[in-house]
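**Student:** Dropping the structure in here first, questions after.
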Amino acid sequence: MTNKELIRYEIVNNLIEKKINGAAAARQLNLSIRQVKRIKIRVKKQGAKGVIHKLRGAPSNRKIDQKLKAKTIKYLQNHYSDFKPTLACEKLLELQGIDLGVTTIRNIMISEKLFAPKRRRKNKEYRAWRPRKEYFGEMQQFDGCYFPWLENRAPECCLLASIDDATGKPTGLEFRENESVKNVFGFWKRYIKEHGKPIAIYLDKYSTYKINHKSALDNSELLTQFQRAARDLGIELITAHSPQAKGRVERLFDTLQDRLVKELRLRGINDLNTANRFLKECYRHDFSQRFSVAPVKREDLHKPLTEIEQRNLDKIFSVQSKRKVGNDFTIRFKDSWYQLDEIQPATVCRKDAVLIEERLDSGIHISLHDKYLNFQKLPKRPEKVKMKILALAATKSTWKPPLNHPWRKQFAFAIRQNN
């Protein structure tokens, strides 16, 4: 008997011995007078057993059928041994039609040693929660995560992910080989075409996003390609000083490393193209419905692209470099040589600084004064020759200076001296 039952037995005994009346006993037991009368009758017949609940030791009305339990354990051991209880519960219902609660699945997995609950760590470091942004599109947290997402079926790759701070909705998920500037450019180009321009992007200090050299502190003009593209689009970049600062995207990766890996395995996905198609068509929407929250304000703060930005979007999301025009009107770039044509949309002089754009489709474009130049790629390094052309222009010049022109006097004087 429990201590509570012993106390109840003493009070009912006092009632039987008429030391107290029924109203006092009911007050002490916090029961109705009718219930006290029933307990009194049972105690007279059964003694101390009369205060013990009748369901003590009886099988529960919610007891799981043993055949169903054995079937569940079989599936858990054979298919979901490395799943956590919540995901295992969802997949048992979705694929096998077994409808059991998460707590029940958790207890079964613990008893079968398929899941070990972790003790909560007492974090002694104080951290204050930053409230969510109020609007969708006000700030996107962005990062890349290297992980064996396809396990041993493919090499390790990088998952690029953006999550809206206000809703917790993953606005972009893409598998790429690495977190290079071209892959990141491709991600954000597709993002902006789908959603528009966010107000701000919250990211870390990876070299793709920020120049971390100590001299950059005193020289704010040093920009990465990503910072330059964000400036051209009017998007604010916020740099986090710790992983905890952008905890929303970090927790997203923790969840995906558990759930997404199993989803890809169950569907037999073995390559990045199929995985990206699955993320775009199915998983991202399903994840948003399951885990996202409603924003405080309903408005969407994504900004549409202007006409100029739409025309120059390929230019903005290109890797840009500056080179000087040689005396023979050639340009060297990444061990390749490019010869400028004689006819150009803008006047090109020797030593002019031109802008070279590496587009996402691997195409090369050369511009000067916002006009794209005509050029040809040379198969090898050109030989040094003296060019008679002083500059390249829109049309080929046919004008010749007269004999008394100042430019020709020095040549005429030199000829007379030789004669």
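The values are calculated or read from the model by the stated rules, or taken from the named source; none is laboratory data. The shown structure was predicted, so the numbers you read here are calculated from the model rather than taken from an experiment. Virtual Cβ from ideal backbone geometry, glycine too; neighbours counted across all protein chains shown.
**Student:** Kindly list, by first and then second residue, each pair from a residue in the stretch 284-309 that is farther than 24 Å from PHE253 by Cα to a residue that is surrounded by 16 or more Cβ atoms within 10 Å (Cβ to Cβ) and basic (Lys, Arg), limited to pairs with Cβ atoms under 6 Å and residues at least 6 apart or on different chains.
**Tutor:** That search, which allows pairs on different chains as well, returns LYS303/LYS197.
**Student:** What is the residue count in the stretch 93-114 for residues that are of a type in the set (D, E, K, R) and not in a helix (DSSP H, G or I)? Working first, answer last.
**Tutor:** Residues of the stretch 93-114 of a type in the set (D, E, K, R): 94, 99, 106, 112-113.
If we keep only those that are not in a helix (DSSP H, G or I) too, we end up with 99, 112-113.
So the count comes out to 3.
**Student:** May I pose another question? (1) of a type outside the set (Asp, Glu); (2) at pLDDT 95 or above; (3) in contact with a Pro (Cβ under 6 Å, 6 or more places away or on another chain): which one isn't true of ARG277, the others all being true?
**Tutor:** It fails just one condition, (3).
**Student:** If you check LEU237 against the conditions, is it outside any loop (DSSP other than H, G, I, E, B) and either aliphatic (A, V, I, L, M) or touching a Pro at 6+ places or on another chain (Cβ under 7 Å) (or both)? Steps first, answer last, please.
**Tutor:** Numbers: outside any loop (DSSP other than H, G, I, E, B): yes; either aliphatic (A, V, I, L, M) or touching a Pro at 6+ places or on another chain (Cβ under 7 Å) (or both): yes.
It is true that LEU237 is outside any loop (DSSP other than H, G, I, E, B) and either aliphatic (A, V, I, L, M) or touching a Pro at 6+ places or on another chain (Cβ under 7 Å) (or both).
**Student:** I would also like to ask the following. Among the residues of the stretch 349-360, is there at least one that is surrounded by fewer than 11 Cβ atoms within 10 Å (Cβ to Cβ), modelled with pLDDT under 75 and part of a loop (DSSP other than H, G, I, E, B)?
**Tutor:** Of the stretch 349-360, the ones surrounded by fewer than 11 Cβ atoms within 10 Å (Cβ to Cβ) are 351, 353.
Keeping just the survivors that are modelled with pLDDT under 75 gives none.
No: zero hits.
**Student:** Here's a follow-up. Going residue by residue through the stretch 206-222, is there one that turns out to be under 30 Å from ILE269 (Cβ atoms), in contact with a strand residue (DSSP E or B) (Cβ under 7 Å, 6 or more places away or on another chain) and surrounded by 20 or more Cβ atoms within 10 Å (Cβ to Cβ)? Outline the logic, then answer.
**Tutor:** Taking the stretch 206-222 and keeping what is under 30 Å from ILE269 (Cβ atoms), we get 206, 208-209.
Imposing the further condition that a residue be in contact with a strand residue (DSSP E or B) (Cβ under 7 Å, 6 or more places away or on another chain) reduces the set to 209.
Of the ones still in play, those that are also surrounded by 20 or more Cβ atoms within 10 Å (Cβ to Cβ) are 209.
The answer is yes, given that some residue of the stretch 206-222 is under 30 Å from ILE269 (Cβ atoms), in contact with a strand residue (DSSP E or B) (Cβ under 7 Å, 6 or more places away or on another chain) and surrounded by 20 or more Cβ atoms within 10 Å (Cβ to Cβ).
**Student:** Turning to a different aspect of this structure: Can you name the condition, by its number, that CYS158 falls short on among (1) surrounded by 14 or more Cβ atoms within 10 Å (Cβ to Cβ); (2) assigned to a loop (DSSP other than H, G, I, E, B)?
**Tutor:** Failing condition for CYS158: (2).
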